[in-house]
Amino acid sequence: MAQRISHLLQADPSDTLITVEGWVRTKRDSKNFCFFELNDGSSLKNLQIVLDKTTEDISEEIDRVSTGASVVFTGILVESPGKNQSVELQAKSIEVLGEAPAESYPLQKKRHSFEFLREIAHLRPRTNTLGAVARVRNAMSMAIHNFFQERGFLYIHTPIISASDCEGAGEMFQVTTLPLDAVPKNEAGRVDYARDFFGKQANLTVSGQLEAEIYALALKNVYTFGPTFRAENSNTSRHLAEFWMIEPEMAFCTLEGDMRVAEDFLKSVFAEVLRVCTEDMEFFSKWVEKGIAESLQSIVEKPFVHMPYTDAVRELQKAPVTFDYPVSWGVDLQSEHEKYLTEQVCNGPVIVTDYPREIKAFYMKLNDDEKTVRAMDVLVPRLGEIIGGSERENRYDLLLDRIRTMGLNEKDYWWYLDLRRYGSVPHAGFGLGFERVIQYVTGMQNIRDVIPFPRTVGSAEF
């Protein structure tokens, strides 16, 4: 069985015959030897392979190898005289599994733009940067599951197809089997969804929160971690049509408990990725965002500041800078405001609470002042909002009034209202966009470069 390169780079020289397999990053010749840099995706660093060209019956195989070829080498691990590695493989044999013609292989030993790499998303994981992103994404996925599992949360699979709009924004992809060239209409001239597959209008979900609340109000602490969708016609570096969300829901929990879990969650995930992906984080700190590893370590060690929305607005109004978006009580905070609060006012993460009810979702619990809701946003330097959450409205009459006020169809939320009729309790939760937090951890500037296959306006390739 072949050894992984990440393991071999940490191993001691040995006379034991081993096999290693991967893709060739570089190949160079000398008079009697051929040197290969081999990578199998397990490590940012390559393993140097040294092959004696005078070895019998290998010259034809060597000639078949160029950058991108998949190759299997067998040999022994020896001490390397080079500066960049402690060991190298002294190969005894070579087997080329798949050639990569040099004249057409698009990944050569040079820096490629991320825009170009998105055009060849089937090959971009072979680059240093995208390979490092994939390893960080994997480590963060495991850290997220471990955080919740170690604290007794149950992982709930919420539906991807939904008949309700959690956010009330209406920017949802419809799911239908109706013939689009002859859509059936009812007597009122509207689309006859009674003839559709589900007998009603259905969409791809924007959030698993509402369904997660069902299980939280039976099992106490649960979380979702799955794909969500938003049909927002935005072509910026911050938006995707398909993305992943982490959404915990906790029964018998108030806003204060929600904030504690959110802070512990971020610190735990950041600490774990710094521990597991040290090599990759050093790469991002050097080539993508200077000092990003130290920035994350600072967040792990420093308590988060808490600030009511009203105080945040006051701080922004007295700021000695001119914002593109003017600040007044009642407006939604923009990224520039959030960055100012974290970088200039608090010098670190801040949790802003108690937002005006008009700018928040219908399910957030109304405060006694009847002007604000028990919402919280976790803001971090460089990015702004990274987590949004709230204590949920657990009072039937007030929730029903909020649904009606926002113009939502209360019939679509009959089951959500039922949860407030039968054994309702204070409960809270939050949502975290997975790709947004990967961007933050890696310093990658475009969200399309932290998800394997980005789905955006006008693009659904690969």
Within the range 420-462, which residues are more than 21 Å from LEU274 (Cα to Cα) and part of a strand (DSSP E or B)? HIS427, ALA428, GLY429, PHE430, GLY431, THR456, SER459
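Output the residues belonging to the range 208-234 that are part of a loop (DSSP other than H, G, I, E, B) and either of a type in the set (Ser, Thr, Tyr) or open to solvent by less than 10 Å² (accessible area, probe 1.4 Å) (or both). Working first, answer last.
Step one: of the range 208-234, the residues part of a loop (DSSP other than H, G, I, E, B) are 208, 220, 230-234.
Once the filter is applied, which keeps residues that are part of a loop (DSSP other than H, G, I, E, B) and either of a type in the set (Ser, Thr, Tyr) or open to solvent by less than 10 Å² (accessible area, probe 1.4 Å) (or both), the range 208-234 yields GLY208, SER234.
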Return the residues of the range 424-440 that are of a type outside the set (Gly, Ala, Ser) and open to solvent by 10 Å² or more (accessible area, probe 1.4 Å); say none if nothing qualifies. VAL425, PRO426, ARG436, GLN439
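Which fully enclosed strands (runs of 3 or more DSSP E) of the range 1-82 have 1 or more residues being among the aromatic types (Phe, Trp, Tyr) and either touching a His at 6+ places or on another chain (Cβ under 8 Å) or open to solvent by 40 Å² or more (accessible area, probe 1.4 Å) (or both)?
It comes to 14-29, 33-39.
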Counting only residues that are surrounded by fewer than 21 Cβ atoms within 10 Å (Cβ to Cβ) and either of a type in the set (S, T, N, Q) or in contact (Cβ under 8 Å) with a residue 60 or more places away in the chain (or both), the range 245-258 contains a total of 3
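Considering each of LEU398, LEU379, LEU341, LEU333 in turn, give the residue that is under 21 Å from ALA212 (Cα atoms) and free of Cβ contacts under 8 Å to residues at least 60 places away in the same chain.
Only one candidate qualifies: LEU398.
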Kindly evaluate ALA163 against the criterion of being surrounded by 14 or more Cβ atoms within 10 Å (Cβ to Cβ), more than 23 Å from VAL441 (Cα to Cα), aliphatic (A, V, I, L, M) and at pLDDT below 95. yes
Might you check whether a residue that is more than 30 Å from VAL300 (Cα to Cα), surrounded by 19 or more Cβ atoms within 10 Å (Cβ to Cβ) and of a type in the set (A, V, I, L, M) occurs anywhere in the range 385-403? yes
Quick one: in the range 83-118, which of the residues that are within 27 Å of the chain's Cα centre (by Cα) and touching a residue at least 40 places away in the same chain (Cβ under 8 Å) is farthest from GLY458 (Cα to Cα)? LEU107
Within the range 1-53, can you find the residues that are within 17 Å of GLY68 (Cα to Cα) and of a type in the set (Ser, Thr, Tyr)? THR26, SER42, SER43
Being without any contact (Cβ under 8 Å) to a residue 24 or more places away in the chain, open to solvent by 10 Å² or more (accessible area, probe 1.4 Å), among the small types (Gly, Ala, Ser) and not in a loop (DSSP other than H, G, I, E, B) narrows it down to one residue among ALA194, ALA182; which is it? ALA194
I'd like the full set of residues that are of a type in the set (D, E, K, R) and within 16 Å of the chain's Cα centre (by Cα), limited to the range 210-256. ARG230, ARG238, GLU242, GLU247
Condition check: farther than 30 Å from ASN446 by Cβ and open to solvent by 10 Å² or more (accessible area, probe 1.4 Å). Does ARG382 satisfy that? no
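Can you find a residue that is charged (D, E, K, R), part of a helix (DSSP H, G or I) and farther than 16 Å from THR353 by Cα anywhere in the range 311-329?
Looking for residues that are charged (D, E, K, R), part of a helix (DSSP H, G or I) and farther than 16 Å from THR353 by Cα, one finds none in the range 311-329, hence no.
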Scan the range 413-423 residue by residue and report those that are touching a residue at least 24 places away in the same chain (Cβ under 8 Å) and open to solvent by 70 Å² or more (accessible area, probe 1.4 Å). ARG421
Going by the conditions given, is PHE153 of a type outside the set (A, V, I, L, M), farther than 25 Å from SER42 by Cα, touching a residue at least 24 places away in the same chain (Cβ under 8 Å) and buried (at least 18 other Cβ atoms within 10 Å of the Cβ)? yes
Among the residues of the range 405-416, are any at pLDDT 95 or above and either of a type outside the set (Phe, Trp, Tyr) or within 30 Å of VAL136 (Cβ to Cβ) (or both)? no
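The values are calculated or read from the model by the stated rules, or taken from the named source; none is laboratory data. No experiment lies behind these values; they were computed from the predicted model shown. Positions of Cβ are generated from backbone atoms using ideal geometry, with glycine treated the same way; all protein chains shown enter the neighbour counts. Heavy atoms of the whole protein, side chains included, go into the accessibility calculation; ligands, DNA and RNA do not. Shrake-Rupley method; radii C 1.70, N 1.55, O 1.52, S 1.80 Å.
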